[in-house]
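> There's a structure below that I have some questions on.
The values are calculated or read from the model by the stated rules, or taken from the named source; none is laboratory data. Given the structure is predicted, the values throughout are model-derived calculations rather than measurements. Cβ: placed from backbone, ideal geometry, glycine included. Neighbour counts: every protein chain shown.
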Amino acid sequence: MRYYSTRNKNGRAVDFAHAALAGLAPDGGLFVPETAPEYPQAVKTSLPVMSFHDIAFETIKPFVQGEIPGAALEDMLYEAFNFDAPLAAVGDRYVLELFHGPTAAFKDFGARFMARAFSYFRRNEDKPLRILVATSGDTGGAVADGFFGVDGISVTVLYPKGRVSPLQERQIAGLGGNISAFAVEGSFDDCQRLVKAAFADEGLKKRVVLSSANSINIARLVPQAVYYATGAARAMAETGKQVVFCVPSGNFGNLTAGMYAREMGAPIRHFIAATNINKTVPDYLENGVYEPRASLPTISNAMDVGAPSNFERMTVHWSLKRLCETLTGVFISDETTRETIKSVHNRYGRFLDPHTAVGWAALDALKSTGKITPDAPFGTLATAHPAKFAEIVEPLTGAIPVPPSLQKVMERNVAAETIPADVSALIERL
Ligand SMILES: *Cc1c(COP(=O)(O)O)cnc(C)c1O
């Protein structure tokens, strides 16, 4: 598969390894696959009876064909996806649980695959690689964990000071070793801006081999298509019908991966793009005007993105008309998010994290609009474990049982340097 820049379809196409290690295209665009791969017909029809790992293999294979041999890819997938993505039934809907990885959020899927892919692609290099990543909370922890202890690779994470949860901060800045962290005095958008500027800095390029690990990186995006395919396949096995998936969204990497899975032939009828009050994309879907803006802080802070980086990818692949056919945008206030956490706990005894609650509430908002009907299965992605956001959820529900992996993280010390939201402050420290 060849990959080209979102900003120049006729520019030089590169292979997966190149696109992954470069992160951003030289012109500042994002790498996108040249063609949307499709599952062979035999795979399409047997998805409902295939195992998670077989689906993962068939989903990722076309994206890395000719670069990662089948046996190596299989090993990589077994190591990266050493946890499941169960499709739970809760009340009238599904909840696709993506929080069973080591940092308890869906970003583990992308980060763990990416770390192993990078290590494979760099197997014959001796110059160390520096991963630079901006996070609004969950990316940093997943990337730090995914790369922790990987030889020849170090990771620097930038996060908005005071805007991530105590647990997230320990996942980002509590590992040490080859992982370092900067607490930036600014917003997530500032962090992203600093990372973009560092990548564009000619002086830095000469000293350091840099790569990114944000959801802009194609190596994180592609593995995320896997759980859409497995979730939809399981829904199909149970109901015989295509599912509607609601995706709580910020940078829209997750949803873009879902769109890839759907193009490949995963049995997905429609997507709901759910955001908090940072509703740039729902506004675009409604009135056709894209207006990026500064992000506003909310209780679903991993979705506090006013200028979603993957928007470029979506619009390069799909026209507005096509997007509107496939996607329905909904935004949910913090107040509704809180009410949802409370009422779902009361009714079903289930704890939702604030991001998943946005997804749940978006489905409620769309019931009876025709996008969601009782005759077709629907569900939301559960993007994080509720215990990651205990300070928001517990006042509404009472104590959440904490998984042992998260209990251990809380015992770590935070070791991050605070820096101003200023490009030179970052560059001089790299
Ligand atoms: C990152 C994240 C999101 C948003 O995902 P995008 O790919 O940026 O749209 C939603 N929920 C949680 C818990 C996250 O960590």
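> Looking for something touching a helix residue (DSSP H, G or I) at 6+ places or on another chain (Cβ under 6 Å), surrounded by fewer than 18 Cβ atoms within 10 Å (Cβ to Cβ) and at pLDDT 95 or above - is there at least one such residue anywhere in region 339-349?
yes
> Evaluate the following for residue 361: is it in contact (Cβ under 8 Å) with a residue 60 or more places away in the chain and either within 15 Å of the ligand (Cβ to nearest atom) or out of contact with any Lys or Arg (no Cβ under 9 Å at 6 or more places or on another chain) (or both)?
Considered against the rule, which asks whether it is in contact (Cβ under 8 Å) with a residue 60 or more places away in the chain and either within 15 Å of the ligand (Cβ to nearest atom) or out of contact with any Lys or Arg (no Cβ under 9 Å at 6 or more places or on another chain) (or both), residue 361 comes out as yes.
> Restricting attention to region 382-430, and to residues there that are polar (S, T, N, Q) and in a loop (DSSP other than H, G, I, E, B), which single residue is nearest to the chain's Cα centre (by Cα)?
Per the criteria, the residue is 383.
> Test residue 325 against the criterion of being more than 12 Å from the ligand (Cβ to nearest atom) and outside any loop (DSSP other than H, G, I, E, B), and give yes or no.
yes
> What single numbered condition from (1) within 11 Å of the ligand (Cβ to nearest atom); (2) out of contact with any Cys (no Cβ under 8 Å at 6 or more places or on another chain) fails to hold for residue 274?
(2)
> Another one. Of everything in region 252-261 that's near the ligand (Cβ under 9 Å from one of its atoms) and small (Gly, Ala, Ser), which residue is nearest to the chain's Cα centre (by Cα)?
Top of the filtered list is 253.
> Please find, within region 78-87, the residue that is nearest to the ligand (Cβ to nearest atom) out of those that are touching a residue at least 24 places away in the same chain (Cβ under 8 Å) and under 26 Å from residue 242 (Cα atoms).
Here the residue is 85.
> So, one more: Checking the condition at negative phi, of a type outside the set (S, T, N, Q), in a helix (DSSP H, G or I) and within 13 Å of the ligand (Cβ to nearest atom), which residue from 110, 101 passes?
None of the other options fit; the residue is 110.
Residues are listed down the side, and each one gets a yes or a no for (1) within 9 Å of the ligand (Cβ to nearest atom); (2) of a type outside the set (Val, Ile, Thr); (3) part of a strand (DSSP E or B):
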position	(1), (2), (3)
244	no, no, yes
250	yes, yes, no
263	no, yes, no
278	no, yes, no
285	no, yes, no
297	no, yes, no
309	yes, yes, no
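> Quick one: is residue 313 more than 17 Å from residue 105 (Cα to Cα), more than 16 Å from the ligand (Cβ to nearest atom) and part of a helix (DSSP H, G or I)?
Judged against the criteria, residue 313 is not a match.
> What single numbered condition from (1) away from the ligand (no atom under 11 Å from the Cβ); (2) among the β-branched types (Val, Ile, Thr); (3) not in a helix (DSSP H, G or I) fails to hold for residue 143?
(3)
> Shifting gears a bit: Quickly run through region 100-123 and pick out the residues that are surrounded by 24 or more Cβ atoms within 10 Å (Cβ to Cβ) and under 20 Å from residue 388 (Cα atoms).
Of everything in region 100-123, those that are surrounded by 24 or more Cβ atoms within 10 Å (Cβ to Cβ) and under 20 Å from residue 388 (Cα atoms) turn out to be 101, 103, 104, 105, 106, 107, 108, 109, 110, 111, 112.
> Okay, next question. Tell me which residues, restricted to region 155-168, are out of contact with any Gly (no Cβ under 9 Å at 6 or more places or on another chain) and at pLDDT 90 or above.
156, 162
> Kindly indicate which of 278, 301 is closer than 23 Å to residue 196 by Cα and at pLDDT below 95.
Answer to the check: 301.
> Pick from region 224-242 the residues that are touching a residue at least 60 places away in the same chain (Cβ under 8 Å) and outside any helix (DSSP H, G or I): which of them is farthest from the ligand (Cβ to nearest atom)?
241
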